[in-house]
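Undergrad: My questions will all concern the structure given below.
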Amino acid sequence: MVISSEIAKKAGIQTEPVAIVWSNTKPEHALEIRPGTWACLMWYYAKAVLDGKITALSRDSFGCCGGAIGIGFGRPFETHSSGNEDNFCCFLSNGRDGCTDIEAFDARLDAISNPHQKEMLKEGERIKKNPGVAKEFLNVLPHYDVPTKYVLFKPFSLTQPDEMIKSVIFLANPDQISVLSILANYPRGQIIDRVVVAAGASGCQAFGVCTYNEELSENPRAIVGLTDLMARKAVRRTLGSDKFTFSVPYSLFLEMEANVPGSILDSELWIEIRDGS
């Protein structure tokens, strides 16, 4: 079991990798989100990567609908201000302008007391062109209903050999993303098939379900995340405006760790870039 990360050390990554762990046990002193309270899961990822805190998420405590989808607690659209999947697709796209049942949509808007939530649903996030495209996005986004009670955000050094580690997440700047991408491709003659940019996925969806899904592949890929503008806004003051996530399924993490010696991470070119010399 690898506890420390040679990748992080030689890539010059100052923060510890964070593991997403499926668990039926809640660690003592783990952070939790109050049931029914809205919260961005990226705040809790930041607590793990910067402060070494563990967060325990559950089906009763997941922060937001997109977060529940992102870390694998099904698709609880009824917990979102939109109320159902069709309206959620309008929310992801052009809001009221794209809905087919204006009367029902307006009734939903009238039922929302929070003015910010009402405006967001009315205008939409505009990350998809229309609700049809948003529906297509949801269809291709991996769908998980995890078999455990909890999903944990856990600093990698606190993981145990018998845990179900589903994703390992590096917080990296553009130079580090470059070298991590090379390392992911290192044992194979590929260019674009080994690293994927999670365009349109939320920050937690990128390192959650998108990364879980790669574990099922014979050729698992790394996922570059934090391309979500809402997530970047949520954590830019804590994580910095120059960072992305680089997440890998555990099997790929172990492969990359084994390939560090003699790789690009040991080259004079990388050391010069890393050290700014």
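Undergrad: Look through Thr25, Thr15 and report the one residue that is outside any helix (DSSP H, G or I), in the same structural domain as Trp270 (by TED's automatic domain parsing) and under 14 Å from Leu171 (Cβ atoms).
TA: Only one candidate qualifies: Thr15.
Undergrad: Quickly run through the stretch 75-104 and pick out the residues that are closer than 19 Å to Thr37 by Cβ and touching a helix residue (DSSP H, G or I) at 6+ places or on another chain (Cβ under 8 Å).
TA: Of everything in the stretch 75-104, those that are closer than 19 Å to Thr37 by Cβ and touching a helix residue (DSSP H, G or I) at 6+ places or on another chain (Cβ under 8 Å) turn out to be Pro76, Phe77, Thr79, His80, Ser81, Ser82, Gly83.
Undergrad: Something else: For Ser247, work out the one condition from (1) within 19 Å of Ile127 (Cα to Cα); (2) modelled with pLDDT of 95 or more it doesn't fulfil.
TA: Answer for Ser247: the failing condition is (1).
Undergrad: For the structure I just gave you, tell me whether Asn84 is exposed (fewer than 15 other Cβ atoms within 10 Å of the Cβ), closer than 22 Å to Val209 by Cβ and not assigned by TED's automatic domain parsing to the domain that holds Ala172.
TA: yes
Undergrad: Also: Does Ala206 count as surrounded by 15 or more Cβ atoms within 10 Å (Cβ to Cβ) and modelled with pLDDT under 95?
TA: No; evaluated as a whole, the condition is false for this residue.
Undergrad: Taking into account only those residues within the stretch 3-12 that are small (Gly, Ala, Ser) and in a helix (DSSP H, G or I), which is surrounded by the fewest Cβ atoms within 10 Å (Cβ to Cβ)?
TA: Ala8
Undergrad: Could you check the stretch 28-103 for helices (runs of 4 or more DSSP H) lying wholly inside it with 3 or more residues that are at pLDDT below 95 and over 30 Å from Val18 (Cα atoms)?
TA: Of the helices (runs of 4 or more DSSP H) lying wholly inside the stretch 28-103, those with at least 3 residues that are at pLDDT below 95 and over 30 Å from Val18 (Cα atoms) span 85-92.
Undergrad: Right, something else. Restricting the stretch 87-110 to residues that are surrounded by fewer than 17 Cβ atoms within 10 Å (Cβ to Cβ) and either hydrophobic (A, V, I, L, M, F, W, C) or assigned by TED's automatic domain parsing to the domain that holds Phe207 (or both), which is farthest from Arg59 (Cα to Cα)?
TA: Ile102
Undergrad: Here is a further query. Any residue at all in the stretch 255-269 that's modelled with pLDDT of 95 or more and in contact with a strand residue (DSSP E or B) (Cβ under 8 Å, 6 or more places away or on another chain)?
TA: yes
Undergrad: So Ser113 fits all but one of (1) part of a loop (DSSP other than H, G, I, E, B); (2) surrounded by 23 or more Cβ atoms within 10 Å (Cβ to Cβ); what number is the exception?
TA: The number of the failed condition is (2).
Undergrad: With respect to Arg237, determine if the residue is more than 29 Å from Lys135 (Cβ to Cβ), of a type in the set (Lys, Arg) and more than 12 Å from the chain's Cα centre (by Cα).
TA: yes
Undergrad: Quick check on Leu226: is it under 12 Å from the mean Cα position of the chain (by Cα), crowded, with 20+ Cβ neighbours inside 10 Å and either over 20 Å from Ser4 (Cα atoms) or free of Cβ contacts under 8 Å to residues at least 24 places away in the same chain (or both)?
TA: For Leu226, the condition - under 12 Å from the mean Cα position of the chain (by Cα), crowded, with 20+ Cβ neighbours inside 10 Å and either over 20 Å from Ser4 (Cα atoms) or free of Cβ contacts under 8 Å to residues at least 24 places away in the same chain (or both) - is met.
The values are calculated or read from the model by the stated rules, or taken from the named source; none is laboratory data. Just so you know, these numbers come straight off a predicted model, no measurement behind them. Note that each Cβ is placed from the backbone with ideal geometry, even for glycine, and that neighbours are counted across all protein chains shown.
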